[in-house]
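What follows is a short report on a single structure.
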């Protein structure tokens, strides 16, 4: 059998393509993990704060919104966890230190000050998470399933952001 003098070059080129594909997959995996971690942390903090607000808020609109936050963000986190199940992506189940500090600071307030702190925090959180999800929806660096999840979730997040902004303005903070 005669060997082609170019056969090794074709084999080497195929090897380089495979390495490139592996690197791209590793990058996508890291990007997917980063998005899932950020999105889940954002959801967990809204659930935690919402549960606290359901009992501590003095304003009925704040309590109603808090209930909505618990429901919406619990649902989104469950959907996200189910979406990545079996794909070697860790889904946080508890708050990280930074988000725990937010919950501690807001929950330390009482009365109308709590309502204002909660409203201000949820308005800021939703502004950030809407940006995160818009970036994810437009990204070619995430798996298509996560980009689609982000895209489908944006309308609910934007609606929640508008309500949070209104509550913050009502509380006198105008955020």
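Of note:
- Test result for residue 10, modelled with pLDDT of 85 or more, farther than 23 Å from residue 132 by Cβ, surrounded by fewer than 11 Cβ atoms within 10 Å (Cβ to Cβ) and out of contact with any helix residue (DSSP H, G or I) (no Cβ under 7 Å at 6 or more places or on another chain): no
- Residues (touching a helix residue (DSSP H, G or I) at 6+ places or on another chain (Cβ under 7 Å), surrounded by fewer than 22 Cβ atoms within 10 Å (Cβ to Cβ) and not in a helix (DSSP H, G or I)) located in the range 34-86: 58, 59
- The set of residues from the range 142-172 being more than 16 Å from the chain's Cα centre (by Cα) and surrounded by 15 or more Cβ atoms within 10 Å (Cβ to Cβ) comprises 163, 164, 165, 167, 168, 170, 171.
- The residues of the range 121-141 that are within 20 Å of residue 106 (Cβ to Cβ), surrounded by fewer than 17 Cβ atoms within 10 Å (Cβ to Cβ) and over 11 Å from the mean Cα position of the chain (by Cα), listed by number, are 124, 127.
- When the criteria are applied in full, residue 66 meets the requirement of being touching a residue at least 12 places away in the same chain (Cβ under 8 Å) and over 16 Å from the mean Cα position of the chain (by Cα).
- Total residues in the range 127-157 satisfying the condition of being in a helix (DSSP H, G or I) and touching a residue at least 40 places away in the same chain (Cβ under 8 Å): the figure is 11.
- Restricting attention to the range 90-112 and to residues that are in a helix (DSSP H, G or I), surrounded by 13 or more Cβ atoms within 10 Å (Cβ to Cβ) and over 17 Å from the mean Cα position of the chain (by Cα), the residue that is modelled with the lowest pLDDT turns out to be 112.
The values are calculated or read from the model by the stated rules, or taken from the named source; none is laboratory data. Keep in mind it's a predicted model, so treat the numbers as computed, not measured. Because the Cβ atoms are built from the backbone with ideal geometry, glycine has one as well, and the counts that use them run over all protein chains shown.
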